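**Q** I'd like to ask some things about the structure below.
The values are calculated or read from the model by the stated rules, or taken from the named source; none is laboratory data. None of these values were measured; they are calculated from a predicted model. Quick reminder, even Gly has a Cβ in these numbers, built from the backbone with ideal geometry, and neighbours come from all protein chains shown. We work out accessible area using only protein heavy atoms, side chains counted, and drop any ligands, DNA or RNA first. Shrake-Rupley method; radii C 1.70, N 1.55, O 1.52, S 1.80 Å.
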Amino acid sequence: MEAFPFPFSSIPNLPLLFSMFLILYLIAYFIVFRSWSPKVRPEASSCFISLFHGTPAVFLATFAIFSDQNRGFSSPNTKTQNLVLDYSIAYFLTDLLHYLVFFPSDILFIAHHLATLFVFITCRHVVFHGSFAILSLLILAEVTSFCQNVWTLATARRQDSQLAAKVYSFLSPYFYAFYSVVRGILGPFFMYQMGAFYMSGRADNVIPRWLWISWMFVVLTAIGVSILWISNLWVELFKEKKAKLDKEL
């Protein structure tokens, strides 16, 4: 099976998918979260479209990878894999627009989205190879997405909602542990395999050395920032638990 059916097949994938995510964002901002304070509505809307990207992207990317019998770090992209790349490009373009409009000073997230788009776009539209590696990284990046979005929404409302506070308190240690394993163990392990293959030179005829080095730099930076982020959250969690225990004593 080369590709799964896609509606409106005569329309290019990327504009259609971008329009879909943009409409979902507007629905979230003006309808779903219309009663939320203006301070948290943009972030909640960003989480909303992430819910429509993260977990679906994991399943779509998994299907796209395993439906390719010739999958490998230097294998050509299949139509299905290209469609999944377009799906993620459309999401990151929409979320990048969100940051540029509402949080233009958030350089870290803007840089993250631009770097991610560079990897996806060069894989999809420049070399037409390497989607096995990129989609595998996408799975590792998005497998924690659902938990992270629920945690983010709960964090945004925990000061004015008892339910949100309970969800935050319950979910935090499990989400942190899950995220730590994926980003701290599985991610570096896959990055090592990817780097070892590309450094062997077996992909140089289809993926230029400068490009896969750029990909590796983006992945290494993303993993490093993720580990730093989750480490800070663990520290904050232990401080909160200690303060709560001291208060009870």
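**Q** Within the accessible area of region 52-183, what % is carbon and sulfur when the probe is 1.4 Å and the other protein chains stay in place?
**A** The nonpolar share, carbon plus sulfur, comes to 69 percent.
**Q** Students often forget the sequence filter, so: which lysines lie under 23 Å Cα-Cα from residue 39 once same-chain residues fewer than 8 apart are removed?
**A** 166
**Q** Note the angle between two axes, namely the Cα long axis of helix 13-27 and the longest principal axis of the Cα atoms of the chain, as a number of degrees from 0 to 90, rounded to the nearest 10.
**A** The two axes meet at around 10 degrees.
**Q** If you wrap a convex hull around the alpha carbons of the chain, what volume per residue comes out, as a whole number of Å³?
**A** Output value, Cα hull per residue: 136 Å³.
**Q** Rounded to the nearest 20 debye, what is the charge dipole size of region 66-150 about its Cα centre when +1 sits on each Lys and Arg Cβ and -1 on each Asp and Glu Cβ? List each step's numbers first, then the result.
**A** On the way: 3 positive and 5 negative charges, 48 e Å.
The dipole magnitude comes to about 240 debye.
**Q** For helix 107-122, report the angle its Cα long axis makes with the longest principal axis of the Cα atoms of the chain; keep it between 0 and 90° and round to the nearest 10°.
**A** Helix 107-122 and the main axis of the chain meet at about 20 degrees.
**Q** Under 5 Å between amide hydrogens, which residues at least 5 positions from residue 129 or on another chain qualify, with H placed 1.01 Å from N in the peptide plane?
**A** Hits under the 5 Å cutoff: 77.
**Q** Now for a separate question. Just subtract the alpha-carbon distance of residue 197 and residue 100 from 0.36 nm times their residue separation and send over the number in nm, one decimal.
**A** Using 0.36 nm per residue and subtracting the Cα-Cα distance, I get 31.3 nm.
**Q** As a check on your grasp of the helix formula, calculate [θ] at 222 nm for the chain: sum -39500 (n - 2.57) over DSSP H runs of n ≥ 4, divide by the residue count, round to the nearest 500.
**A** After summing the helix terms and dividing by the residues of the chain, the value is -24000 deg cm²/dmol.
**Q** In debye, nearest 20: dipole of the chain around its Cα centre with unit charges on the Cβ of K, R (+) and D, E (-)? Present the calculation step by step, with values, prior to reporting the outcome.
**A** Details: 17 positive and 13 negative charges, 85 e Å.
The calculation lands at about 400 debye.
**Q** Once R0 is set to 45 Å, what does the formula 1/(1 + (r/R0)^6) return for the Cβ-Cβ distance between residue 159 and residue 216, expressed as a FRET efficiency to the nearest 0.05?
**A** Numbers: r = 41 Å, r/R0 = 0.90.
Approximately 0.65, to the nearest 0.05.
**Q** Sorted by accessible area (1.4 Å probe), largest first, how do 142, 236, 248 line up?
**A** These residues rank, largest area first, as 248, 236, 142.
**Q** With every protein chain present, what accessible area does residue 183 have (1.4 Å probe, heavy atoms only), rounded to the nearest 10 Å²?
**A** The accessible area of residue 183 comes to roughly 40 Å².
**Q** Treat each spin label as a single point 7 Å out from the Cα along the C-beta direction, and report the residue 108 to residue 234 distance in nm.
**A** 1.7
**Q** Give the share of C-alpha pairs in each 10 angstrom bin for region 9-137, from 0 to the last occupied bin, in whole percents, shortest bins first.
**A** Result returned by the calculation: 13, 40, 32, 13, 3, 0.
**Q** Kindly rank 87-99, 22-34, 145-157 from highest to lowest mean number of other beta carbons found within 10 Å of each residue. Before the final figure, lay out the partial values.
**A** Values: 87-99: 21.2, 22-34: 15.2, 145-157: 18.5.
Ranking the peptides 87-99, 22-34, 145-157 by packing returns 87-99, 145-157, 22-34.
**Q** Using only the alpha-carbon atoms, how far is helix 145-157 inclined from the longest principal axis of the chain? Give it as 0 to 90 degrees, nearest 10.
**A** Orientation of helix 145-157: about 30 degrees from the principal axis.
**Q** Got a sec? Which residues in region 12-30 would a label at residue 67 touch, if it sits 7 Å along Cα→Cβ and we count backbone N under 18 Å?
**A** 12-14, 17
**Q** Then there's this: With every protein chain kept in place and ligands, DNA and RNA left out, what is the accessible area per residue of region 137-249? Probe 1.4 Å, answer in Å². It would help to have the intermediate numbers written out before the result.
**A** Working: 6730 Å² over 113 residues.
Averaged over the residues of region 137-249, the accessible area is 60 Å².
**Q** Sticking with this one: For residue 59, tell me the accessible area in Å² from a 1.4 Å probe, rounded to the nearest 10.
**A** Per-residue accessible area (residue 59): approximately 140 Å².
**Q** For region 176-249, with only Lys/Arg (+1) and Asp/Glu (-1) charged at the beta-carbon, what is the dipole magnitude about the Cα centre, in debye rounded to 20?
**A** Numbers: 8 positive and 5 negative charges, 11 e Å.
Charge dipole of region 176-249: 60 debye, to the nearest 20.
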